[in-house]
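A.B. asks: Could you have a look at this structure, given as structure tokens, before my questions?
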Amino acid sequence: MAAALGSEAAVEIKDLKKSFDGKDYVLNGIDLEIPKGRITVIIGFSGTGKSVLLKHILGLLKPTSGEIRVLGREIGGMGVEELTRFRQQYGMLFQYAALFDDMSAVDNVVFPIREHRRDLTKEQMRGIAREKLKQSGLDEKHFDKLPAELSGGMRKRVGLARALALDPDLMIYDEPTTGLDPVLTEMVDNLIVSTHNLKQGTTSVVVSHDLYAAFRIGHYIAMLNNGKVLLAGTPQDFLDSEIELVRKFVAKGVHKA
Ligand SMILES: Nc1ncnc2c1ncn2[C@@H]1O[C@H](COP(=O)(O)OP(=O)(O)O)[C@@H](O)[C@H]1O
Ligand SMILES: [Mg+2]
């Protein structure tokens, strides 16, 4: 399916199943290819397993069965240490970009660099952190402030800068705009696109409950329902779909636009 966009897959998921209790399956046979170098938006109603799917891609949850290949590597069989190293290629931004309250903006971004890049000097680490904050659009005069002294939008920018700290090939966003007002939502959506375009070949995966956002920023959209992929395709495929649930979702999303 990803081949439809002319790119190889950054993430390949085959018949992924996940049950937490051995009875009900939250994921019940997910087949999905996430195209490399593109923005894929995963949509679906609340509670359909979008976050659970992301956690499998991140290797934070183990599948009950099925396969997950990320950037060409099967992650199911990786041990904790290998997975930790592998995850340096990921950047993550969650709904509540949980920053360290007692650290300045710049120190928040230095944190993952210090964890993973022992080869750098303190000054080099701060240099990278400052560069990432600039790329994320935070004004320099805020670099040394604590999160409590920043607005919600600025905190998002710091969270994004921290996610970008290690130059990830794969950026993952879980509902980055949920709970934000329309102005901030648009800012974060734009930031996702500009971040995506920063580095050639970056793959971005954005979970959203908002189809409007999917149409605005997604090259590829996957809709989950009942533990399966109901439809994966281009925005045009979604507009053309005759699947009733997709049509309902689309009607809602387009109406908002
Ligand atoms: N660690 C867990 N243990 C048990 N059930 C879970 C766990 N994480 C998620 N679930 C269940 O999986 C389902 C899907 O959750 P989630 O992926 O968070 O949905 P969403 O699509 O809103 O992100 C929900 O019913 C949730 O309660
Ligand atoms: Mg979720």
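The values are calculated or read from the model by the stated rules, or taken from the named source; none is laboratory data. All figures in this text were calculated on a predicted structure; none of them were measured in a lab. Backbone-built Cβ (ideal geometry, glycine too); neighbour counts: all protein chains shown. Heavy atoms of the whole protein, side chains included, go into the accessibility calculation; ligands, DNA and RNA do not. Shrake-Rupley method; radii C 1.70, N 1.55, O 1.52, S 1.80 Å.
A.B. asks: Restricting to the stretch 159-183, what's the tally of residues that are within 16 Å of ligand 2 (Cβ to nearest atom) and of a type outside the set (Ser, Thr, Tyr)?
C.D. replies: Number satisfying all stated conditions: 6.
A.B. asks: Still on this structure: Counting only residues that are of a type in the set (A, V, I, L, M, F, W, C), open to solvent by less than 60 Å² (accessible area, probe 1.4 Å) and part of a loop (DSSP other than H, G, I, E, B), which one in the stretch 1-58 is farthest from ligand 1 (Cβ to nearest atom)?
C.D. replies: The selected residue is Leu58.
A.B. asks: With the requirement that a residue be in contact with a helix residue (DSSP H, G or I) (Cβ under 6 Å, 6 or more places away or on another chain), open to solvent by less than 50 Å² (accessible area, probe 1.4 Å) and more than 25 Å from Thr177 (Cβ to Cβ), what does the stretch 69-111 give you?
C.D. replies: Once the filter is applied, which keeps residues that are in contact with a helix residue (DSSP H, G or I) (Cβ under 6 Å, 6 or more places away or on another chain), open to solvent by less than 50 Å² (accessible area, probe 1.4 Å) and more than 25 Å from Thr177 (Cβ to Cβ), the stretch 69-111 yields only Val110.
A.B. asks: Which residues, counting only those in the stretch 163-190, are over 23 Å from Leu53 (Cα atoms) and buried (at least 22 other Cβ atoms within 10 Å of the Cβ)?
C.D. replies: Ala165
A.B. asks: Please go through the stretch 196-254 and give me each residue that is aliphatic (A, V, I, L, M), open to solvent by less than 40 Å² (accessible area, probe 1.4 Å) and without any contact (Cβ under 8 Å) to a residue 60 or more places away in the chain, ordered by number.
C.D. replies: Leu231, Val246, Val250
A.B. asks: Any chance the stretch 116-125 includes a residue that's over 30 Å from Phe86 (Cβ atoms) and in contact (Cβ under 8 Å) with a residue 40 or more places away in the chain?
C.D. replies: No; the residues of the stretch 116-125 include none that is over 30 Å from Phe86 (Cβ atoms) and in contact (Cβ under 8 Å) with a residue 40 or more places away in the chain.
A.B. asks: Looking for whichever is at pLDDT below 95 and among the acidic types (Asp, Glu) here; the options are Glu12, Glu33, Glu8. Which one fits?
C.D. replies: Residue meeting the stated conditions: Glu8.
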